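What follows is a short report on a single structure.
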Amino acid sequence: MNVIVTATTPFPDQKPGTSGLRKKVSVFQRPHYLENFVQSIFDSLEDYAGQTLVVGGDGRYYNRHAIQVILRMAAANGFGRVLVGRDGLLSTPAASCVIRKHGAFGGIILSASHNPAGPDGDFGIKYNTSNGGPAPEKITDAIHRRSLEIREYRTLDSDDINLSKTGHASLGDMDVEVIDPVADYAELMETLFDFDRIRALVGNGRFRLCFDAMHAITGPYAVEILGRRLGVPADALINVEPKEDFGGGHPDPNLVYAKQLVERLYRDDGPDFGAASDGDGDRNMILGRHCFVTPSDSLAVLAANARLMPGYRDGLAGIARSMPTSQAADRVAEKLGIELFETPTGWKFFGNLLDAGRATLCGEESFGTGSSHVREKDGLWAVLFWLDLLAARQLPVQEIVSRHWAEYGRNYYSRHDYEGVSADGAGELMARLRELTGSLAGKRYGDYEVALSDDFSYTDPIDHSVSERQGIRIVFTDGSRIVFRLSGTGTEGATLRVYLERYEPDPARQALDAQEALADLIGIAGEIARIRHHTGREAPTVIT
Ligand code: G1P
Ligand code: ZN
């Protein structure tokens with residue numbers, strides 16, 4: 001094997017964020033930048049000689065180049081085998097599935113999730129461990145430390161591997177197996193849901209749906225699973241051709257960016273069910289005709305109905321949600337008599353709970369839902385769950401949700417994002433809030449009285465690690481909440497996220513528009529945090 005050791009110098013900015021290292025493509029294109037980070041990953045791992053690594057990405061620009069670099073470096077660093085998706089593709093949940101199924105040592109996933117792609121867009125890289133989940137902070141911190149000291153990296157002098165066909169190739173002493181990116185994942189889905197029941201719904205001649213892959217990774221998954229295995233007609237699957245720049249779009253499945261889908265669902269003759277996933281396939285958005293299911297409500301509804309699904313027939317061990325996610329799922333957990341965990345933002349915090357068998361379903365307000373079947377959130381899984389639920393209950397989406405609210409109460413919920421604001425201003429806003437937290441309890445704002453206010457800190461119940469400063473919570477005496485935190489995934493300036501929640505138990509008052517229902521809290525949030533003053537913005541850029 002022709003190993004080349006290349007001298008390099010550290011980059012000061014390779015600290016992984018909420019979900020790996022994300023930067024502009026142009027940053028990754030700087031000489032040695034990608035190699036430094038990959039070598040820092042390998043240097044932070046132990047005893048992987050001869051082991052299997054899974055590699056794949058969401059197909060965005062730079063994916064193909066990065067995969068070849070990683071393959072060469074994996075061989076030079078002593079991995080025995082790499083499983084790589086055909087054409088370098090693997091959705092994030094499918095990568096997690098493949099790591100688990102094949103007992104891999106870990107995996108490298110190339111994605112910047114829903115961030116725009118293309119030469120001027122973003123790129124990202126993250127490491128997942130043998131459980132299929134994002135590396136815990138202990139490892140990402142080690143990678144970061146290593147990236148600040150790195151002096152050399154190892155690679156091979158070899159040609160690119162042809163990734164367009166499944167099969168085996170050798171790279172130095174390492175075996176490269178090009179795998180079908182969909183097969184393992186599709187097989188897993190068939191064990192969780194009743195495909196016959198879904199097929200009957202889809203083929204009954206009355207039910208219509210629309211799935212939007214947003215020109216990103218879920219296209220091939222939707223074509224195989226929804227189209228070929230479940231019989232969804234081709235014209236119900238839109239934007240299924242993956243593109244390196246995601247067609248110039250912003251593949252974030254929400255009411256703002258999945259406009260084409262939302263418009264279809266709000267037409268009078270619109271389909272009964274609509275769904276979309278994001279750039280790397282881990283997020284989901286669920287719509288019914290003329291209705292949108294918030295991700296927080298979706299988690300609660302899925303939890304309440306889980307026993308109807310073959311894969312969850314025995315019930316749930318527990319439910320985990322990120323702190324800013326609404327408390328709708330808490331009420332379901334209470335009724336089911338199971339544990340509810342409130343974790344910091346980011347899927348990595350669910351890993352320990354899933355591994356320990358304490359939680360079965362997990363969710364984040366940011367269009368992320370998943371379960372113990374893999375260790376990532378999973379967009380298509382959520383879509384299949386909803387389809388199977390519609391097939392089992394034979395009710396429209398809206399009816400399922402309103403019956404859920406009637407039973408459990410409604411948690412009105414919204415998130416307001418101030419994207420790309422000045423990092424200094426946002427930092428000052430958070431610093432001031434942090435100082436205020438001690439003195440807010442007992443204060444009144446209109447009808448609301450502050451019961452508790454703090455900077456959320458989480459002690460992992462399994463490994464007892466502590467994660468501090470995870471967001472400012474202001475909780476009112478009626479359970480309503482305002483949460484403030486700064487995004488850890490943005491690549492430009494800072495993004496302030498404001499999460500608003502109010503509980504309404506009375507079914508007669510559950511049909512308001514969320515922004516209307518939350519109007520008072522929105523005003524209070526602006527007042528307490530002095531949002532306009534610190535951000536210079538009159539209004540949020542994205543409301544979901
Ligand atoms: C965002 C979401 C968070 C999610 C992450 C990765 O992180 O808020 O829930 O886990 O993307 O998809 P943030 O930008 O808020 O740090
Ligand atoms: Zn994603």
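Any read-out appearing in this document is the output of simple, stated calculations on the displayed coordinates, not a laboratory observation. Quantities reported herein were computed from a predicted structural model and do not represent experimental measurements. Don't worry about glycine lacking a Cβ; one is built from the backbone with ideal geometry, like all the others, and counts go over all protein chains shown.
Mind checking region 469-544 for GluC sites (Glu not before Pro) that DSSP puts in a loop (not H, G, I, E or B) and that have at most 11 other Cβ atoms within 10 Å? The qualifying sites are 538. Entry note, the chain: relative contact order of 13 percent, from Cα contacts under 8 Å with a spacing of 6+ residues. Relative to the longest principal axis of the Cα atoms of the chain, helix 63-76 runs at roughly 50 degrees. Express the Stokes-Einstein translational diffusion coefficient of the chain in µm² s⁻¹, to the nearest whole number, given a Kirkwood radius over alpha-carbon pairs, 4 °C and a viscosity of 1.567 mPa s. My calculation gives 54 µm²/s for D. Computed from point charges on the beta carbon alone (+1 for Lys and Arg, -1 for Asp and Glu), the dipole magnitude for region 1-83 about its Cα centre is near 420 Debye. Secondary structure note: in the chain, about 70% of the DSSP beta bridges are antiparallel. Can you pull a Stokes-Einstein diffusion coefficient for region 404-448 at 20 °C (1.002 mPa s), Rh from Kirkwood over Cα pairs, as a whole number of µm²/s? After rounding, the answer is 152 µm²/s. Cross-link reach is defined here as a Cα-Cα straight distance under 24 Å, omitting same-chain residues fewer than 8 places apart; for residue 15 the lysines meeting it are 23, 24, 126, 138, 348, 377. Taking the fewest neighbouring Cβ atoms within 10 Å as the starting point, the ordered list for 46, 35, 137 is 46, 137, 35.
Computed over region 1-120, relative contact order equals 32 percent, with contacts defined as Cα pairs under 8 Å that lie 6+ residues apart.
Placing +1 at every Lys and Arg Cβ and -1 at every Asp and Glu Cβ, with all other atoms neutral, what dipole size does the chain have around its Cα centre, in debye to the nearest 20?
On the way: 58 positive and 75 negative charges, 52 e Å.
Dipole about the Cα centre, nearest 20: 260 debye.
Assign one of three labels to region 123-217, namely rounded, prolate or oblate, based on the Cα gyration tensor with a ≥ b ≥ c the square roots of its eigenvalues; rounded applies when a/c is under 1.5, prolate when it is not and a/b is larger than b/c, and oblate otherwise. Prolate shape, in that a/c is at least 1.5 and a/b is the bigger ratio.
Here the contact order of region 423-544, divided by its residue count and restricted to Cα pairs under 8 Å and six or more residues apart, works out to 21 percent. Partner aspartates and glutamates whose Cα lies under 20 Å from the Cα of residue 335, excluding those fewer than 8 positions away in the same chain, are identified as 297, 314, 407, 478, 504, 506.
Between region 188-226 and region 430-467, the alpha-carbon centres lie 42 Å apart. Each helix, a run of at least 4 DSSP H residues, gives -39500 (n - 2.57); summed and divided by the residues of the chain, these come to -8500 deg cm²/dmol at 222 nm. Measuring from a point 7 Å past the Cα of residue 180 along Cα-to-C-beta, which residues in region 271-287 have an amide N at less than 11 Å? Label zone hits: none.
Beta bridges per DSSP, both residues in region 75-195: antiparallel share near 70 percent. Overall, region 261-334 carries a charge dipole of about 180 debye about its Cα centre when +1 sits on the Cβ of Lys and Arg and -1 on the Cβ of Asp and Glu, all other atoms neutral. Residues with beta-carbon under 11 Å from that of residue 454, excluding residue 454: net charge, scoring Lys, Arg +1 and Asp, Glu -1? Charge balance in the 11 Å sphere: +1.
Shape class for region 1-96, computed from the alpha carbon gyration tensor (a ≥ b ≥ c): rounded, with a/c under 1.5. As a rough footprinting exposure proxy, the listed residues 255, 353 were ranked by other beta carbons within 10 Å of their own, and the order from fewest upward is 255, 353.
For residue 274, neighbours were defined as the other residues whose beta-carbon sits under 9 Å from its Cβ, and their charges (Lys and Arg +1, Asp and Glu -1) total 0. Dipole orientation for region 33-90: of the candidates 85, 48, 37, 85 has the Cα lying most toward the positive pole (charges on Cβ; Lys, Arg +1; Asp, Glu -1).
How do 154, 469 line up, fewest other C-beta atoms within 10 Å first?
Ordered from fewest to most neighbouring Cβ atoms within 10 Å, 154, 469 come out as 469, 154.
Between the C-alpha center of region 517-544 and that of region 327-357 there is a gap of 29 Å. Seen against the Cα atoms of the chain and their longest principal axis, helix 183-192 is set at about 30 degrees.
Bridgeable lysines around residue 259 (alpha carbons under 22 Å apart, same-chain partners fewer than 8 residues away excluded): 243.
Electrostatic bookkeeping for residue 230 treats Lys and Arg as +1 and Asp and Glu as -1; over the other residues with beta carbon under 13 Å from its beta carbon, the sum is -1.
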